[in-house]
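S.K.: Below you'll find the structure I mean.
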Amino acid sequence: MRTVVAIAALLVGGGAAAAEGPLTVERAVALALERNPEISAREAGLRAARARLEGARLPFQANPEVAIAAGPRSRGGERSTDVDIELSQRVELFGQRGARIDAARAEAAAAEGALAQRRAEIAAQTRIAFARALAAERLAAIAEEDLALSREAARVAEKRLELGDGSRLELNAARVEVGRAARGVALARQAVDAARAELRLVTGTPAGAALRLAGDLAPAGRGGAAPEALVERALAGRGDLAAARHEVDAARAEVRFAAREWLPLPRLGAGFKREEGADIVVGTVAFDLPVWNRNPAGRGTASARLSRAESELGAAERRVREEVLLAARRVAAAREAAQAFDADVVGATKENLALTTQAYQSGKLDLVQVLLIRRSAIEARRGEVEALAALAEAEAELARVSGATVDEWKELQREDEFLDGETAP
């Protein structure tokens, strides 16, 4: 038995180890969509809406009714048993069933739209969290490089002082710089921990689990899309707008249903009677008289729901237009900022970092010049990472507000109608 347990544990452990690997943004999005409890809750709501639709499609909402009566009859000394059996079915004749089906169908479609929108939001949140985690790791690496260069400069300053070429002031300044860089490393590592925690949270990864990220912060496409094209796409394809439109359809169907609900629903039936030994077959029709209640509460509630749904749809369409235009401008600005760090700028900063310590050691630069040049280079490298991270976040947000999935957004970025940096007036 112990052998079997050991083998099972080995197989489970081996499977888990095989499943582990570098986490890409695509994998992170897939995990988030798979594990997010809000998506599971909305999927359950969609199943409930579809179940209500199936119920609305039933040809009869009420089950048949059976009434049975029996009793003895005594007449002139003769005794007999009278029997009365009646079977009836309530029937909707004034469009109630059609209105009910329309309302249930629209509510199911609205649930589908809400689910699609929530999936898009979770995907965008995951892409943003992934970009932040990548950026935090890159910034931590830069901070550690800064610390290594500061320690090397302090070592050179100490050696110059021993040789009589330096001063105590330079050595103290170099040691202060080491302290500053060490603090920067500590803060950068804290930022990495926080970013990874955020990514674990959104992807449903257990707390404290190791994450190995794979990917870069390069922009997804050549330029920004024409904003008006994205607006039209969002108005046509966003899940929340689809849900709002279907909510209007459901409200209209409810208005029709409420207007018909007070109409009498006949109960058609057939009966068998035996009276004094004679068998009698009868047909029956029964219906309510709508004298006192013509469903004013239901009609008023349905009308108010329709007005509210139409108002919410109009407000949502205006909000979506503004969101898309604002997100497009944000992408254009972030792309312009990222393009400022071209290959020449990045290469120059790396070269300066490599040359400053050598120049200081050979006496070509004093420590003040070394610190200024190095800080400028470090800030430039940090600026590049932060600009690319801001661009990745802006693109993820634009993908969300335009109603595009990850794959659709990448495909759109490759289309010819995308214009570099163009924004709406």
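The values are calculated or read from the model by the stated rules, or taken from the named source; none is laboratory data. Note that the structure is predicted; figures quoted are calculated from it, not measured. Don't worry about glycine lacking a Cβ; one is built from the backbone with ideal geometry, like all the others, and counts go over all protein chains shown.
S.K.: Pairs only if they're at least six apart or on different chains, beta carbon under 9 angstrom, first in the stretch 71-83 and at pLDDT 80 or above and surrounded by 10 or more Cβ atoms within 10 Å (Cβ to Cβ), second small (Gly, Ala, Ser) and not in a strand (DSSP E or B); list them, first residue then second.
M.R.: SER80/GLY277
S.K.: Sticking with this structure for a sec: Do we have any residue at all in the stretch 309-328 that's under 30 Å from VAL178 (Cβ atoms), among the charged types (D, E, K, R) and in contact with a Leu (Cβ under 7 Å, 6 or more places away or on another chain)?
M.R.: Start the filter on the stretch 309-328 by keeping residues that are under 30 Å from VAL178 (Cβ atoms), which leaves none.
No, the conditions are met nowhere in the stretch 309-328.
S.K.: In the stretch 313-332, how many are of a type in the set (Gly, Ala, Ser) and in contact with a helix residue (DSSP H, G or I) (Cβ under 8 Å, 6 or more places away or on another chain)? Write out each step before concluding.
M.R.: Step one: of the stretch 313-332, the residues of a type in the set (Gly, Ala, Ser) are 314-316, 327-328, 332.
Now narrow it down to the ones that are in contact with a helix residue (DSSP H, G or I) (Cβ under 8 Å, 6 or more places away or on another chain): 316, 327-328.
Residues meeting the conditions: 3.
S.K.: I would also like to ask the following. For ALA148, state whether it is crowded, with 21+ Cβ neighbours inside 10 Å, in a helix (DSSP H, G or I) and either basic (Lys, Arg) or at pLDDT below 90 (or both). It would help to see each step written out before you state the result.
M.R.: On the way: crowded, with 21+ Cβ neighbours inside 10 Å: no; in a helix (DSSP H, G or I): yes; either basic (Lys, Arg) or at pLDDT below 90 (or both): yes.
Judged against the criteria, ALA148 is not a match.
S.K.: Can you name the number of the only condition in (1) exposed (fewer than 15 other Cβ atoms within 10 Å of the Cβ); (2) outside any strand (DSSP E or B); (3) modelled with pLDDT of 90 or more that PHE257 fails?
M.R.: Unmet for PHE257, out of (1) exposed (fewer than 15 other Cβ atoms within 10 Å of the Cβ); (2) outside any strand (DSSP E or B); (3) modelled with pLDDT of 90 or more: (1).
S.K.: Could you count how many residues in the stretch 309-343 are of a type outside the set (Phe, Trp, Tyr) and not in a helix (DSSP H, G or I)? Lay out the reasoning, then the answer.
M.R.: So the first thing to find is which residues in the stretch 309-343 are of a type outside the set (Phe, Trp, Tyr), and the list is 309-340, 342-343.
Still in the running and not in a helix (DSSP H, G or I): 340, 342.
Selection size over the stretch 309-343: 2.
S.K.: Is it fair to say GLU170 is assigned to a helix (DSSP H, G or I) and among the charged types (D, E, K, R)? Spell out the reasoning first.
M.R.: Numbers: assigned to a helix (DSSP H, G or I): yes; among the charged types (D, E, K, R): yes.
It is true that GLU170 is assigned to a helix (DSSP H, G or I) and among the charged types (D, E, K, R).
S.K.: Only one of ALA140, ALA111 is surrounded by 17 or more Cβ atoms within 10 Å (Cβ to Cβ), of a type in the set (Gly, Ala, Ser), touching a residue at least 12 places away in the same chain (Cβ under 8 Å) and within 30 Å of GLU261 (Cβ to Cβ). Can you tell me which? Show your work before the answer.
M.R.: Working: ALA140 fails: within 30 Å of GLU261 (Cβ to Cβ).
Unique residue meeting the criteria: ALA111.
S.K.: Also: Of the conditions (1) in contact with a Lys or Arg (Cβ under 7 Å, 6 or more places away or on another chain); (2) of a type outside the set (Val, Ile, Thr); (3) farther than 20 Å from ALA392 by Cβ; (4) surrounded by 15 or more Cβ atoms within 10 Å (Cβ to Cβ), GLU228 satisfies every one except a single condition; which number is it?
M.R.: (1)
Condition check ((1) assigned to a strand (DSSP E or B); (2) β-branched (Val, Ile, Thr); (3) surrounded by fewer than 18 Cβ atoms within 10 Å (Cβ to Cβ)) across all residues:
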{"position": "ALA236", "(1), (2), (3)": "no, no, yes"}
{"position": "LEU241", "(1), (2), (3)": "no, no, no"}
{"position": "ALA251", "(1), (2), (3)": "no, no, no"}
{"position": "ASP279", "(1), (2), (3)": "yes, no, yes"}
{"position": "ASP288", "(1), (2), (3)": "no, no, yes"}
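S.K.: Same structure again: From VAL331, VAL320, grab the single residue that is surrounded by 18 or more Cβ atoms within 10 Å (Cβ to Cβ) and touching a strand residue (DSSP E or B) at 6+ places or on another chain (Cβ under 6 Å). Full working, then the answer.
M.R.: Working: VAL320 fails: touching a strand residue (DSSP E or B) at 6+ places or on another chain (Cβ under 6 Å).
The conditions single out VAL331.
S.K.: Can I ask one more? Taking ARG160, is it among the basic types (Lys, Arg) and surrounded by 20 or more Cβ atoms within 10 Å (Cβ to Cβ)? Break it down into steps so the answer makes sense when it comes.
M.R.: Numbers: among the basic types (Lys, Arg): yes; surrounded by 20 or more Cβ atoms within 10 Å (Cβ to Cβ): no.
The answer is no for ARG160.
S.K.: Can you tell me which residue within the stretch 348-401, out of those that are of a type outside the set (S, T, N, Q) and not in a helix (DSSP H, G or I), is surrounded by the fewest Cβ atoms within 10 Å (Cβ to Cβ)? Please lay out each step first, then the result.
M.R.: Of the residues in the stretch 348-401, the ones of a type outside the set (S, T, N, Q) are 348, 350-351, 353-355, 359-360, 363-368, 370-375, 377-401.
Filter once more, keeping what is not in a helix (DSSP H, G or I): 363-366.
On the way: GLY363: 10, LYS364: 12, LEU365: 18, ASP366: 13.
For the stretch 348-401, the residue satisfying everything is GLY363.
S.K.: Given the conditions (1) touching a strand residue (DSSP E or B) at 6+ places or on another chain (Cβ under 6 Å); (2) part of a helix (DSSP H, G or I); (3) surrounded by fewer than 13 Cβ atoms within 10 Å (Cβ to Cβ), report the number of the one that GLY300 does not fulfil.
M.R.: Failing condition for GLY300: (1).
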